[in-house]
There are 2 protein chains.
Amino acid sequence: MPEPTAALVVIGDEILSGRTADLNINALARFLAGLGIDLKEVRIVSDDEGAIVAAVNGLRSSVTYLFTTGGIGPTHDDITAAAIAKAFGVPLVLDQRAVEILAARYPAAGLTEARLRMAMIPEGADLIANPVSAAPGFRIGNVHVMAGVPAIMRGMLQSIAPTLVPGRIVLSEAVPAEVGESFIAGRLGAIQADFPDVSIGSYPRMGERGFVTEIVLRSRDAERLAAATADVRALVETAIRERANPAPDPG
Amino acid sequence: MPEPTAALVVIGDEILSGRTADLNINALARFLAGLGIDLKEVRIVSDDEGAIVAAVNGLRSSVTYLFTTGGIGPTHDDITAAAIAKAFGVPLVLDQRAVEILAARYPAAGLTEARLRMAMIPEGADLIANPVSAAPGFRIGNVHVMAGVPAIMRGMLQSIAPTLVPGRIVLSEAVPAEVGESFIAGRLGAIQADFPDVSIGSYPRMGERGFVTEIVLRSRDAERLAAATADVRALVETAIRERANPAPDPG
């Protein structure tokens, strides 16, 4: 059985302008990893209806679950619900379930026109509970529409979690290597060729004494992961020994 | 004259798995903002040739400049150069300029097959200098291919900067509002309607005593920005006064 997959559309001019650093991508990636759902692609688009529709319709048919963050508040720049309705070709309607939630949230201040904007939901959608600030997200088809404020987004993910069909968890091992990756690249590629069912990534970073490498192995098969990790550990030990004792000149 | 635009393709399984939080999106966004170049879209894709080709070819014709980060090192999972060559329909060739740079970098250890992988560049590309670790990036057409390690990516951006045609800088003002955004949403929308040449964003966040809002105004026209900002400041003062002294019941 193929494992479930996902994609994310982040909606927000403030991310693209550099004013705000996104926090939701990593939070969603970790949430999905915990459910064994593979995140295949993320797109960040501006607060523009055409851009949102293109991203949502470009991704939703190719993954099990699509998520969006941002643009579902009460202000003029919150256009996600209208864009999703357009993407699905359905009308945007005042949702009575959402009206009741908002009426309970604002008993004194009342349901102003601005607040009722947050109850405008594409026809046929289910609501996603917001345990932080009440105003709900919604799901239509396989598309889950969430708030952009990180604490609210995370709260909505907890509401969504029981509705997702999990996959088998991807297990991972990390092997630190106190050598630059060019010292191990050839032999690491050979191990990758031996283990097509294990994904082996090599991540350089600057250490205190030059570049070091972290090798990350990922697989759904624990035995294969262990075998590949043992090979990588042996390779790293060999590479470090070679660097300490270079081979004599063959001439 | 239309302003220059840009898009970014982030290549990296480690971002999609949640293992690593991306730092390059915000760094590039701020770099481009400083040059008056509008970042229109970001896509994060896996270390997969088909995914890279699709993202690059899906974006490069619609923007002035396309950037990519990640996947140009010496290991088997570094497949960006080959994917870009495929996207442009040109062969991947051993670039003698890159060979010389790498030979100078590794005088003792030598140019192993793994290191020479970093000199395999799409035919017709120009090199992008890497002031941190020598191995170059490259530019082909409007596509700028950079390393994923943040310090190296930032170094390459400094190399690229003089080659980009800047636009007019987008000026911005931020107005803090100690009220939730639903208290100002309607009137804020009216100001946005008065100033179509100013982009007005409303960003809620949780403060110590409930939700507060930051209103961010952005425009290339300083006078219009100032006028819209004055209107927003007056609106916020009114909203705070109203909350302190609610209107008497009209009945």
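A few notes on this one:
- Rounded, prolate or oblate (a/c below 1.5 giving rounded, otherwise prolate when a/b exceeds b/c) for segment B:26-122 by Cα gyration tensor: prolate
- Among B:T213, B:T69, B:T80, residue whose mean-square fluctuation peaks in a GNM of chain B (springs only between Cα atoms under 10 Å): B:T213
- Three semi-axes describe the equivalent ellipsoid of chain B; taken as square roots of 5 times the Cα gyration tensor eigenvalues and ordered largest first, they are 47, 19, 15 Å.
- Degrees between helix B:49-59 axis and first principal axis of chain B (Cα, 0 to 90, nearest 10): 50
- Global geometry of segment B:1-50, whether rounded, prolate or oblate, following the gyration tensor of its Cα atoms and the 1.5 cut on a/c: oblate
- Between 0 and 90°, nearest 10: helix A:24-34 axis offset from chain A longest Cα axis: 70
- The distance separating the Cα centre of segment A:3-44 from that of segment A:105-170 comes to 16 Å.
- 10 Å Cβ shell holding at most 13 others, DSSP loop, trypsin sites (Lys or Arg not before Pro): longest site-free stretch of chain B: B:1-167
- Under the Debye formula (equal points on every Cα, no solvent term), log10 I(q)/I(0) of the protein assembly as shown at q = 0.05, 0.11, 0.12 Å⁻¹: -0.23, -0.97, -1.11
- Where labels lie 7 Å past Cα in the beta-carbon direction, separation of B:E100 and A:A226 in nm: 5.3
- Shielding score for A:27-40, defined as the mean number of other chain Cβ atoms within 10 Å: 3
- In whole percents, the pair-distance distribution calculated for segment B:171-244 from its alpha-carbon pairs, binned every 5 Å from zero, is 3, 18, 31, 24, 14, 7, 3, 0.
- Qualifying aspartates and glutamates (Cα of each under 19 Å from Cα of A:K40; at least 8 residues distant if same chain): A:E3, A:D22, A:D197, B:D13, B:E14, B:D22, B:E41, B:D47, B:D48, B:E49, B:D77, B:D78
- Ellipticity at 222 nm from helices only: DSSP H runs of n ≥ 4 in chain A, each -39500 (n - 2.57), divided by the residue count, give -11000 deg cm²/dmol.
- Pair-distance distribution P(r) for segment A:102-210, from all Cα-Cα distances in 10 Å bins starting at 0: 11, 26, 17, 15, 17, 10, 3 percent.
- Other protein chain C-beta atoms within 10 Å of residue C-beta, averaged over A:43-54: 3.
- Shielding value for A:7-16 is 4, the average number of Cβ atoms from other chains within 10 Å of each residue's Cβ.
All of the numbers you see were taken from the coordinates with simple rules; none came from a lab. What you see is a predicted model; the values in this text were computed from it and never measured. Please note: Cβ atoms are built from the backbone with ideal geometry, for glycine as well, and neighbour counts cover all protein chains shown.
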